[in-house]
Every structure is written in C-alpha cells, then in structure tokens.
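The values are calculated or read from the model by the stated rules, or taken from the named source; none is laboratory data. Everything numeric in this text was worked out from a predicted model, so none of it was measured. Positions of Cβ are backbone-derived with ideal geometry, glycine not excepted, and every protein chain shown enters the neighbour counts.
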Amino acid sequence: MKQIFLSITICMLFFMSCKNKTTQQTSSDLTNQKWWKEAVVYQIYPRSFKDSDGDGVGDLKGIISKLDYIKSLGIDVVWLNPIFGSPNDDNGYDISDYRGIMKEFGTMADFDALLKGMHERGIKLVLDLVANHSSDEHEWFKQSRSSRINPYRDYYHWWPAEKGKPAHRWSFFDVNADAWKFDSATNAYYLHYFSRKQPDLNWENPKVRKEIFDMMNFWFDKGIDGFRMDVIPFISKDTTFPELPKEYNGDMVAYYANGPHLHDYLKEMNKEVLSKHNVMSVAEGAGVTAATAHNFVDEDRNELNMLYHFEGTGYGYVPGKFKVPEPDGYKLVGFKEIYSKWDSIFATKGWGTIYLGNHDQPRMVTRWGNDAPEFREVSSKMLTTFLLTMRATPYYYFGDELGMSNIKFDKIEDYNDIETKNHYILLQTQKGDIKEFMESAKISARDNGRTPFQWDATANAGFTSGKPWLKINPNYKNVNVAAEVGNVNSCLSYFKNAVQLRKNNKVLVYGKYELLDKANEKVYAYTRGEGADKVLVILNFSKEKIIWNLPAGLAVDEKPLLNNYTTFSANGPIALEPYQAIVVKVK
Ligand code: TEU
C-alpha cells in the first residue's frame, strides 16, 4: 500500500514537473521573440543569379534588377555568398580584399545601391564572413610569405622546415589532402585547411582579430544586417600543432571545430562588433555537435545567434567515402531522428536553423525528394513545406522555389568546383574508384546547386546574354520564373503561399514540435503548438500512395491550410498521394 502511494506521488510529481516545463517553455518563447527567429532567409549565390553585363557571371546590378522578384517571394532576409575581392579559386571563399567588391560583381556604388534597394523593400541583407582563411593573393599573405621577419609573418600559421615536416593535418580541397604546403621563399610550410590558395589566418594574433573586427564594423557601419560566418568553429587551433590525439577517431572536421580559444574569440567578436549593432549572426557549424551547440548560441553566452549543423545534409552518405550516397537512398526514420533531435536541442534554450540546400549542397529535390519528371514538382513542394513548418529559422536556397534540380554532369571537364576537380585528381593518384565518384557526383557535387538561375525559356534561361560560367540545366525551358509566376499550381506559387502561412501563424515559428508515428518509413508527421493553437503537418516522403491514420484523439479541420494536391479528407484514414504535403489545423 505504502509503495502504491509512493508511486502515485512520484507520478504526480513527474506530471507536475512536465507541466511546469511546458508552461515555462511557452512563456519564455513568448517573451523571447526575435526578428531573426521569425525571418525566412533566402540565400543567393551571386555568381549564378543574374548577369547584367554579358560576361556570363552574375553580378550586383543583376540582383538589383531583380529586387522586385525577391520582394515578391515574401522573404525577410537575403544572405549573399561572398562578394568581396577574390581570385576565385573557391568562388569568393578566397578573399584578397575584404573591403572591396569582386570585379566581376561590380563596384562599391553597386553595393550601396543594392543595400538601399533591399532596405527600401523591407528586406535585410546578410553577408558572408570568411575569416578562417584569406586568399594567398591577399596583401597580408604576400607580406607574410616574403620573409620570416616581416610584420605580417604571424598573420598566418607557419612551420619552419628545419623542424621537419609538421604533424599531419587533412585539407578539404588539396590534391594530396595535405593541409601543409611547403613554401620555398622562407623554407617553411603554411597551413591551409581548404585549398592551397586559402591559407589559414592566425587568430592567436590579436592584430588579426582586430583587422577582422574592424572590417566587420566597416560593413555594419554601411548598414548590413548580419553575417553568416564561414567555418567559424575552425578559427582557433592548437598552434603547437601536435600529433593528433589518441582519441582522435578520423573525424578531422570535429577536431578542427574545437580549438582551445574558440569561444574566447567569439565572445570578443560579440563585444567588439556584434553587440554594437542590431544584427543577426549565424555560424556555419561544421563539426558542431549536439553537445557543443549551446556554447555558440545561448543568449547568456554572448556569442552568436544561430548555427547550422551538418548532421542533416551529411546524412545518407556511405560512411568513410567522399559523398557517396547510400545505394538504396537515405532512410526516412534516421532523417526524422536527426531533425527531431536538433529541435529538442533548442526546445527551451537557444535557437535552430533549417536548410536542405545551399551552395555546398546539391539541389534539394534531387537529394531529398525525387527529380523524376512526374514527381519533381510535388516532392519539391513537399520539401518546401517541411522547411517552412519546423521550429527553426529556414535558410531557403535560391532556385529551390522553382523546383530546380541537379544538372548531373557526365564529364569532369564540365565541373567548375575546386572540391570536385581536386578530389578527382586525388582519386586518380590514389587509384580510387573514379566511376563511383563520377556517378555519386551527379547526386552530391556542389556544382549541381550552382548552375545559373532559370528566369525564362529564352537563350541561357534569361540569365546572361553571354556564355554562362557554368552550364545551364537543360530543364530551364519548363522550369523557370516566367513559366511559374502566373501559375497558381507552380512550385513558385506554392513557396510564396508557404512563406505567408508561416508569417501569418506564429505557431509555425515558436510552437512546440512533436513527432508522430516515428517508426513510419514513408511518412513524416508532426504537430506544432499546443492546445487550441496547434497544427498538424503530414509529409509523404515516398512515391507511393499511403493510407495514414490520425493518431487517436487528434481531430483536424476539413480544409487544410496548405496542400500540394487538391485532395484531402479529414474523416477516417487519410489517403496520401505520392509526396503529398498537408498542413492542417488541429481541432
Ligand atoms: O564550407 C565549409 C565546409 O565544411 C565545406 O567544405 C563542406 O564540407 C563541403 O563543401 C561539403 O561538400 C564553407 C563554404 O560554405 C564553402 O563554400 C567553402 O568552399 C569553404 O567553407 C571554404 O571557405
């Protein structure tokens, strides 16, 4: 009897504590609303958006000419990939002039006009901060490599050759995967986690940090609204460059992301720059895990606002191989686990982001949906529904609103990207499986997401009057803005509706997320919100028709808030069409 009483008491206490948690969470959400949590971010790869001068490369004037299109999407923030002076070894991620505009993209006057045009339309502008490394053509590096006693020597990481070869560090884009490059001018090696033309800056040096912070303030003083921070978790290194620790398990990215002074530097950046402006900051969270995420974004840490993780977009590749997709495709149950886990990480503290595509990723419809002609549009709309109904700030990649898909090059010569080209060379040297690599690249290579934007069915998709820097996807004849803009059933119209739905329903921004039917291998279903303010999202991730049963106790409206088909019946088992997506209010 005593025992029964004890268990009842424990149950009651547990119930009360859960209830308290929920109440707390809701009230803290309501008092902690921020514009950057409610924003929909639209990412533009400037090289591929719109060319105004016929050189085949997109530019700032091109973006200016399309501001009304951008405004019509209903998005709040534009993130532009790097637009600064660069020899373009890695398409702008190798910066030679942090305060100037890349020649192909235009001038500072163009930039000022672009920013003004965005602000006039109520759109915020976020730029890309690439500060883990510069270009080897930056003046700092030219000075640094010229002599061991040059004042800029310590702006970078050097290892004198008389000490022997430094301990191995892996490089993303090096043809030998070696991050140390010997430089005969001073008989020393320099560090480059990315290409040889992207030497890593030495953040231990306070002068380097000051240069970067001053540069950030320069752009904020111009009026920009935030920075996306390229591989920012890599900035701090153990500069003794020891042999890799015993517990190191081959995950170099995770190792790079945990430098000893990383959070000191981010706090300093916050104090010197971010806290002085009403802006947003988002870290590219390479190597950041569930265990470390809060250190970057919790408000009381005074560091950054958000980060995006790689667990989602890295999922479904064969472990140990370079971006080789699992032969039978990815498993939805694992996909749901990842996104549910990342929701729970920020459920009561911090804030998340969500994305399926960006300039480092293939097109989302090819990778996560189905780009076969009969399913491209519906599955694209389904993925759009997912992105715009999760509790996290959506980062939506330009072109996905049209349902653009992978170009799938057959020949290595068609690729422009240093990652793909250099990995091909590395594989040749290692006598690796080139055939497997080329097939995988059709699904996973970065250039798939970089092909020029498709404006209309005229020559070169209306992107340029010249020769485009990268081939245009031949499907542009049907998949383009002109074809979609007046069509209420197009991907474009669907995206705009989904954006408006999120804007008009704060429950889609802040509401509690609850996964339903987690073992279902084809359907991803979840609710957002609680009590009277709750919606159900049902996403059929398969090409099959599915009957899905509403969980007991859940009743929904007859008319969905969003549906990528015309059919829906709220009574009895729900019949889902291939890739059907439904958002419906819970009664
Ligand atoms: O990406 C960093 C990064 O982790 C990528 O190298 C990513 O792992 C890879 O592209 C996946 O295939 C950032 C930028 O987003 C990327 O465009 C740059 O090339 C890189 O940093 C170097 O600046």
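Looking at residue 413, is it part of a helix (DSSP H, G or I) and more than 25 Å from residue 94 (Cβ to Cβ)? Please lay out each step first, then the result.
Working: part of a helix (DSSP H, G or I): yes; more than 25 Å from residue 94 (Cβ to Cβ): no.
Spelling it out, it is not the case that residue 413 is part of a helix (DSSP H, G or I) and more than 25 Å from residue 94 (Cβ to Cβ).
Could you tell me whether any residue of segment 492-501 is touching a helix residue (DSSP H, G or I) at 6+ places or on another chain (Cβ under 9 Å) and assigned to a loop (DSSP other than H, G, I, E, B)?
There is no residue in segment 492-501 that is touching a helix residue (DSSP H, G or I) at 6+ places or on another chain (Cβ under 9 Å) and assigned to a loop (DSSP other than H, G, I, E, B).
Of the residues that sit in segment 74-90 and are touching a Lys or Arg at 6+ places or on another chain (Cβ under 6 Å) and assigned to a loop (DSSP other than H, G, I, E, B), which one is nearest to residue 43 (Cα to Cα)?
Residue satisfying both the conditions and the ranking: 74.
Which of the residues that make up segment 151-191 are closer than 27 Å to residue 432 by Cβ, part of a loop (DSSP other than H, G, I, E, B) and either assigned by TED's automatic domain parsing to the domain that holds residue 428 or away from the ligand (no atom under 16 Å from the Cβ) (or both)?
Residues satisfying the conditions are 165, 166, 167, 168, 176.
Condition check: away from the ligand (no atom under 16 Å from the Cβ) and out of contact with any strand residue (DSSP E or B) (no Cβ under 8 Å at 6 or more places or on another chain). Does residue 336 satisfy that?
Spelling it out, it is not the case that residue 336 is away from the ligand (no atom under 16 Å from the Cβ) and out of contact with any strand residue (DSSP E or B) (no Cβ under 8 Å at 6 or more places or on another chain).
Looking at (1) under 15 Å from residue 131 (Cβ atoms); (2) more than 15 Å from the ligand (Cβ to nearest atom); (3) crowded, with 20+ Cβ neighbours inside 10 Å, which is the only condition residue 233 fails?
Tallying (1) under 15 Å from residue 131 (Cβ atoms); (2) more than 15 Å from the ligand (Cβ to nearest atom); (3) crowded, with 20+ Cβ neighbours inside 10 Å, residue 233 fails exactly one: (2).
For segment 274-302, which residues satisfy the criterion of being away from the ligand (no atom under 16 Å from the Cβ), in contact with a helix residue (DSSP H, G or I) (Cβ under 7 Å, 6 or more places away or on another chain) and closer than 19 Å to residue 35 by Cα?
277, 279, 280, 302
Limited to segment 443-467, what total is found for residues that are outside any helix (DSSP H, G or I) and either surrounded by fewer than 18 Cβ atoms within 10 Å (Cβ to Cβ) or among the hydroxyl-bearing types (Ser, Thr, Tyr) (or both)?
Of the residues in segment 443-467, 8 are outside any helix (DSSP H, G or I) and either surrounded by fewer than 18 Cβ atoms within 10 Å (Cβ to Cβ) or among the hydroxyl-bearing types (Ser, Thr, Tyr) (or both).
Which condition from (1) modelled with pLDDT of 95 or more; (2) within 13 Å of the ligand (Cβ to nearest atom) is the one that residue 253 breaks?
If we test residue 253 against (1) modelled with pLDDT of 95 or more; (2) within 13 Å of the ligand (Cβ to nearest atom), just (1) comes out false.
One residue is enough: does segment 265-280 have a residue meeting the conditions modelled with pLDDT of 95 or more, under 30 Å from residue 124 (Cα atoms), within 17 Å of the chain's Cα centre (by Cα) and outside the structural domain of residue 177 (by TED's automatic domain parsing)?
Yes: one or more hits.
Looking at segment 432-442, can you tell me whether even one residue there is within 16 Å of the ligand (Cβ to nearest atom), of a type in the set (Phe, Trp, Tyr), in a helix (DSSP H, G or I) and at pLDDT 95 or above?
The answer is yes; a qualifying residue exists.
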